[in-house]
Amino acid sequence: MAFDLQEQEQIDSLKAFWQQWGKLIGGAVLAVCLGTFGFKGYQWHQKEQSEKAAAAYEAVDSAVAAKDIAKLKSAAQLLQGEYAGTIYASRSALVLAKAAFDKNDPALAASQLEWAAKNGKDEAIQAIARMRLASLHLDQKQYDAAISELNQEHPAAFDAQYLELKGDVFVAKGDNAAARDAYKAALAKLVEESPVRQLVQTKLDALGA
């Protein structure tokens with residue numbers, strides 16, 4: 001099939017373009033395709049892991065209902081080992097920590113709270129874990145360790161709770177001035193209708209002027 005001069009020039013120009021840029025364009029298209037398939041594969045893997053973790057978490061619920069801390073510990077450790085990237089693992093750590101505390105095993109409780117604070121995939125769970133860990137340190141009169149936990153970054157929604165607990169730690173430590181500051185800061189974070197305001201105000205009033 002014959003081409004006129006203009007068509008032949010266009011063909012030659014197109015050939016030259018693909019000779020210069022063809023490999024680069026092909027590579028870019030391949031990279032985009034691989035990236036898309038890779039992302040979909042990652043999403044599928046995450047969904048599969050979450051479903052398996054949800055099934056494994058049933059053992060946690062069963063152990064709690066049976067008040068069997070040995071089975072609870074085994075179920076939680078399975079989740080934290082095999083499905084650490086899921087929220088179920090973080091929840092299992094909080095549940096086991098509470099059970100351990102109730103059974104007077106502060107070492108196990110602390111280790112689970114530390115795990116949740118470090119590995120939790122949800123900011124709220126991490127914040128709760130740090131707050132409970134601080135409370136545990138307070139119970140053990142480890143005041144500096146408690147304050148250290150409460151000084152960690154956390155969602156703003158937890159500010160008042162962190163400050164109130166910090167005030168409690170300072171009271172136990174005998175630092176009433178710092179406690180007053182913490183309680184006042186907590187009150188400033190609480191809305192007027194909050195049911196917690198009266199409790200914090202009572203703690204502040206108990207310290208005197």
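All of the numbers you see were taken from the coordinates with simple rules; none came from a lab. Bear in mind the structure is a predicted one, so any value in this text is a computation, not a measurement. Glycine also receives a Cβ, built like all others from the backbone with ideal geometry; neighbour counts cover every protein chain displayed.
Things to note:
- Averaging the Cα positions of each part gives two centres, and for the range 67-122 and the range 145-193 these lie 26 Å apart.
- Loop-resident GluC sites (Glu not before Pro) (DSSP state other than H, G, I, E or B) in the range 119-209 with no more than 13 further Cβ atoms inside 10 Å of their Cβ: Glu153, Glu192, Glu193.
- At full extension, Gln19 and Asp61 could sit 8.7 nm farther apart than now, given 0.36 nm per residue minus the alpha carbon distance.
- With the simple model of a label 7 Å out from the Cα in the direction of the Cβ, Asn104 to Gln142 spans 1.9 nm.
- Net length available on complete extension from Glu114 to Lys52 is 19.9 nm, with 0.36 nm assigned per residue and the Cα-Cα distance removed.
- Loop sites in the range 103-209: chymotrypsin sites (Phe, Trp or Tyr not before Pro), DSSP, at most 14 other Cβ within 10 Å: none
- Computed over Cα pairs, the Kirkwood radius of the range 70-115 leads via Stokes-Einstein (1.002 mPa s, 20 °C) to a diffusion coefficient of 211 µm² per second.
- Label sites at Glu192 and Leu207, each approximated as a point 7 angstrom past Cα along Cα to Cβ, lie 2.5 nm apart.
- Cα pair count fraction exceeding 19 Å, expressed as % - the range 92-168: 29
- Positive-end extreme of charge dipole, the range 158-209 - chosen from Leu163, Gly174, Ala186 (charges on Cβ): Gly174
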